[in-house]
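Reviewing the structure listed below.
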Amino acid sequence: MANPSPEFRRFDFWVGDWDLTSHSPVAGKDEWQVDPGTPTDHVEVVLDGCGLLQRWEGVPDGTSAVPFRGMSLSKWEPTIGRWRQVWIDNQGPMLSFKGEFKSGRMELYTDPREEGGKMIVMRQVFRDITRERMSWSWERSEDAGKSFRPVWKLDYRRRAS
């Protein structure tokens, strides 16, 4: 049975098939370069409308011999008033996020963790959302979430059907 709460539909902008353009920072400069890879993203509604399943695939930098593949499961959690997401992939650790849609953006955060004497928080930000396009960024905080700097960006373009 599908859940009628409008909050369950806040992430539906992401549903569909997407072609992505990956951007990485230029070392030592305040500039971004377009990466040569061609990643894709497929997102679908699952579990009777209560969740979203994401399948991500590609070689974002165009150079890796092993394609980067990942999946996430996202769900509105009414008991905490936040979205929750679990991400797994073939190249790194499992990540858990919590977040919300506010001011026209979806923001999902990891819990803080200590690394080298700093409190690290990672954040995903979906912004500039339209029916056909949006921007996504992977951002890092070294001060427990007070400030963030982007470390990877993706431009999403909905695949023509």
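Cβ separations smaller than 7 Å between residues 6+ apart or across chains give the following pairs from segment 14-41 residues that are farther than 15 Å from residue 153 by Cα and touching a residue at least 24 places away in the same chain (Cβ under 8 Å) to residues that are surrounded by 15 or more Cβ atoms within 10 Å (Cβ to Cβ) and among the β-branched types (Val, Ile, Thr): 14/43; 15/43; 15/45; 16/43. Going through segment 42-64 one residue at a time, which ones are β-branched (Val, Ile, Thr), farther than 22 Å from residue 109 by Cα, surrounded by 15 or more Cβ atoms within 10 Å (Cβ to Cβ) and touching a residue at least 24 places away in the same chain (Cβ under 8 Å)? Residues satisfying the conditions do not exist here. For segment 134-150, filtered to residues that are of a type in the set (Gly, Ala, Ser) and over 23 Å from residue 29 (Cβ atoms), the residue that is surrounded by the fewest Cβ atoms within 10 Å (Cβ to Cβ) is 144.
Every number here is computed from the coordinates shown, using simple stated rules; none is lab data. Remember, it's a predicted structure, so these values are computed and weren't measured experimentally. Please note: Cβ atoms are built from the backbone with ideal geometry, for glycine as well, and neighbour counts cover all protein chains shown.
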